[in-house]
1. Is the shape of the chain rounded, prolate or oblate, going by the alpha carbon gyration tensor and its root eigenvalues a ≥ b ≥ c, with a/c under 1.5 for rounded and a/b larger than b/c for prolate?
2. Determine, for each peptide in 120-128, 226-234, the mean count of other beta carbons within 10 angstrom over its residues, then list the peptides with the highest first.
3. Can you pull a Stokes-Einstein diffusion coefficient for region 356-423 at 25 °C (0.890 mPa s), Rh from Kirkwood over Cα pairs, as a whole number of µm²/s?
4. Residue by residue, what Karplus-based ³J(HN,Hα) values in Hz, rounded to whole numbers, does region 654-663 have, using 6.51, -1.76 and 1.60 with θ = phi - 60° and x for Gly and Pro?
5. Got a sec? Charge dipole of the chain, +1 on Cβ for Lys and Arg, -1 for Asp and Glu; which of G143, T324, A359 is way out at the positive end?
6. Pairs of Cα atoms under 8 Å, at least six residues apart: use those to get the relative contact order of region 448-539, whole percent.
7. Would you please give the residues with an amide H less than 5 Å from that of I531, counting only those at least 5 places away or on a separate chain, with H modeled from the backbone geometry?
8. Count the DSSP beta bridges whose two residues both fall in the chain, then state the antiparallel fraction as a percent rounded to the nearest 5.
Amino acid sequence: MTRIHFRTLPQQVPNESSKRVTPKLRFSSMMLLLLAVTVGGCSGDGSTGNPAGENIPGDVNDPGGVNTDPVLNDPDSVTDPVRVDLPPLPDPALTQAPSSDDEPLLEADIYNTATGIPVLQEPGPRLPETDSPALTDADFEAGPLPPQYQIPASVDPDVNSAPYFDNLGDHDVFAGEILEVLFKPLDSDGGLPGMYPEELPEGAVFRDNLNGTKTLVWQPLQRDVGIREFTVVALDPLNSEYRTARTIRIRIELPQDLSTIPNVPPRLEELESYTIRVNDPVVLEIKGIDLNGPYPILEIPELPAGATFNQHLRYEEVYVLKFTPVTVGTLPIEVIARDAVDPSLTATQTVELVIRDAADFVFTGQRLRDLASSRGINIGFASRYEFYHRPDSGLYTDIAAKEFDIVTPENALKMDYINPQPGRYQFAETDNVVAFANANNMRVHGHPLVWHRQLPEWIERSSENTRQGHMQEYVHRILSRYKDSIDIWDVVNEPLSDDGSLRDSVWYQAMGEDYIDIAFHQAKATAPNSIRLLNDYDVAWRGAKSTAFFELVERLQQREVPIDGVGFQLHIWSDFERFDEVHESFQRVADLGLDVYVTELDVSLSSEGDVQRQAEVYRDILRLCLDQPRCKAFQMWGFTDQYSWRRNHAPLILDTAYQAKPAYTALQNELALP
Ligand code: XIL
């Protein structure tokens, strides 16, 4: 789950001197500091204190390195950069280390496709990314939750008051009843605040009343019984980064007369169409949904020849179609979901498989990875989550293996996925990517170790004084497992917000800027031989954010933080023109003695059909990388439009049918230049 981290306004200004700040940070972050709720969990006592000595790199083991001065009182004093000691890992550990209980198991063949590797699965059912106990009646009766605020550094809440919601409370309903809750955001400084819901309950709508208010309309059913929370965020009319979040609680109970709850028809999870290469095995997972509770029964009235269609052994709501198409052509497959209680209630969807000849996927010219390696760079892609469970994995893996020599797991190494609950780990997906990379002689790029998004709830809810320990423990455990198989890491991802201030993340709130130092030091202590990057977006061209980014990198270097390079995300558009500035930024990184990585390039179409322009943008970014001796890798955020986080903007080099777009050929041509 991804959400902004909000906090409750403190009752009083905390003790400023106990908050660690680094000298250059004082002005820009003054406001944030004044608003910060608690003090950081930093290496406050100045001791180097790790008797085992195992995770303190020699070069930062400097007892003088801890700044205990209340520098806030003297904003004019300019001091030497203060190095940050690496605090020892928590002892005893804060959460359980990975154990044999977390070890992935070999998956049955029927669930995956031909990827050339033995596919692993999690040892148990997929873990929800929350450990919060279900809310109780006592929680509900304690009354509404206080508003939470996000206050950018540039906003003074005494001058600009936060938006709020008029007359909002909690609700009690019976399953089957229709609930309507009005959300009316107001601002005492005038103007009409915008708003958005964080996550709608399934089946609910957030109706726009077209008068500045919206209404949650929801008929909770059996599956919803319990206490649910629903959050809406209001945006300040003057500064949309200034936000107020209100969470309401809804208690849903079963009515005495269960027949008052309507039995709604089941649904099928939306199915895409797929392009398949003839003779490749197809695995298609189909999921049935029924808000009344019992899962629907799925049927395929006309099974393709030789196909099986069975309920998944581990996920009751999922059915798996497996077969190997042997003739080319379009194959529509009709799927029916039948209500488990009333078989007359059904839902139907048709998934279209386009089966094509193998020759349709043979690209002319040389493979990108061969060309790139003769130019001295890696070329790669971000791998779609569980690509080996997709109907088209045969094609996907074959093309990936032929064209690329570096891979980044797109989501598998994000903390909410890999460590969803304290002491619980899901390694199967990353292990599979590593195995795939090994089988195909590819490098793996680990992304990301420390980030503000895709965090598990247990981290978002952790107390600030344990967070540094959690961060170090996490970095240490992930790197301990993967240090020999993944050699490049985005140690910190997206440390800055769009205006260039340090992003007010859970990590920043607990440690100030020091979290970056500590993350890098810990990464080095655990995996001394890996390459450590700072990765961000919108920092490759001029602007407040890139200015702040380079200042940050310089501060890190002054403090001798072990950073090896900068990752430029580059999620851009086909009307992009600021190549000179990108060139400058690459050179600036090189001048700092660091390596350049293009980590997440994709080029969304600014206008439909703009594929020639898109090709030129790909070519020009590649050229800048090739022209910069310190540019080590050119990595795209996927390779087929079928699997892109910006699929609607067709940003990648192959189309949804795995056909080469002009961008593919443009990369080939550019790489082939002498
Ligand atoms: C994106 C993934 O592509 C999506 O599948 C996911 O839902 C959200 O994250 N910057 C990053 C990446 O560092 O991790 C993000 O990836 C894209 C932006």
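Bear in mind that the values in this text are calculations on the coordinates, not laboratory data. It should be emphasised that the depicted structure is a prediction, and the values quoted were computed from it without experimental measurement. Backbone-built Cβ (ideal geometry, glycine too); neighbour counts: all protein chains shown.
1. Oblate.
2. Packing proxy ranking, top to bottom: 226-234, 120-128.
3. Answer from the Stokes-Einstein relation: 175 µm²/s.
4. 10, 7, 5, 9, 6, 9, 5, 8, x, 4
5. Towards the positive end, the residue furthest out is A359.
6. Reported as a whole number, the value is 40 percent.
7. Sorted by chain and number, the residues that satisfy this are I488, W489.
8. 60
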